[in-house]
Amino acid sequence: MNRLTSRRIVFCIIGPLACLAVLAMGGCASTGAIPPAGQATAAPNDGGDGWWYENFTMDWPQGENPPWYMDCLVANEVVKPVLNRYRKDILLWRFHRRAVRDKSGDQFGFIFYTTAPNARKIYAAIGSNPILRQLKAKGLVVQVFTDNTDKTPRPNIQDTSDPSWSLPLQKAWPYFIMGASQTWLDLISQYADGARKKPCSISEMQAFYRKIDRKVDATWRTEGGHAFLHHLDAIFGYGPLDVVVRRKVEIQF
């Protein structure tokens, strides 16, 4: 399925109070790109927590579909080891995925909430990852952006949520999206760990994570309706849901 163009998705959430059918619905989208590192309003670092971005820009040749598998590769091989190492220092975290033909292009973001000293350690650990260095050397990861840790950007829990949402939702949503990101990462890891042959070279990793990406996509397509959408509907008591249809596809985690 081509994830660059709008998807045709049909799903029905059944409950005592609601039945929802959506046709020709685009992917979950925000209206813009990942905020470039360093552009947020910031205050001198006071040692408090804040949101920090590490954005990976992927090579995306003209005329080709986005290399979505690269997000899986970077998440599992580059971010996961550092996330596991520093998880106790991170209150909240999530991934952001987007691919639009604009100045930001195909970007994969790791976003986390912690102190500036911790952010510096995390940035350094990711930057020293040998697989990331090889990906950059081969031009598969074109650029990596990080925030300036001399200032604390986005100090509030709600500072990376959609500002059009109600304030209570802005504050609550980061906990939801962290769980979704953990689920996505766990699926990648389980499929990768269960493979008989592990990749060694970067070219082998590319082929390997293309297969992993297809498996994760198939899990979402065949099981996501019940595992995710139905149970999310149940948590909110099967209430009516207003759905906004957007044509541009930008998948956010």
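Only residues that are open to solvent by less than 60 Å² (accessible area, probe 1.4 Å), of a type in the set (S, T, N, Q) and not in a strand (DSSP E or B): list them for segment 129-154, please.
Selection gives N129, T149.
When the residues of segment 105-128 are filtered to those that are among the charged types (D, E, K, R) and open to solvent by 10 Å² or more (accessible area, probe 1.4 Å), which remaining residue is farthest from D150 (Cα to Cα)?
The qualifying residue farthest from D150 (Cα to Cα) is K121.
Hey, which of the strands (runs of 3 or more DSSP E) in segment 25-125, taking only ones fully inside, have at least 1 residues that are at pLDDT 95 or above, over 22 Å from W220 (Cβ atoms) and of a type in the set (D, E)?
49-58
Residues of segment 186-240 being closer than 13 Å to L73 by Cβ, polar (S, T, N, Q) and open to solvent by 60 Å² or more (accessible area, probe 1.4 Å), which ones?
Correct list: S203 only.
So which pairs qualify, if the first residue must be in segment 143-165 and closer than 26 Å to D59 by Cα, the second must be modelled with pLDDT under 95 and of a type in the set (V, I, T), the Cβ gap must be under 9 Å, and the two must be at least 6 apart or on different chains?
Correct list of pairs: F145/I34.
The values are calculated or read from the model by the stated rules, or taken from the named source; none is laboratory data. Given the structure is predicted, the values throughout are model-derived calculations rather than measurements. Counting neighbours? That spans all protein chains shown, and the Cβs are built from the backbone with ideal geometry, glycine included. Ligands, DNA and RNA are stripped out before the accessible areas are found, and what is left, the full protein with its side chains, is counted by its heavy atoms. Shrake-Rupley method; radii C 1.70, N 1.55, O 1.52, S 1.80 Å.
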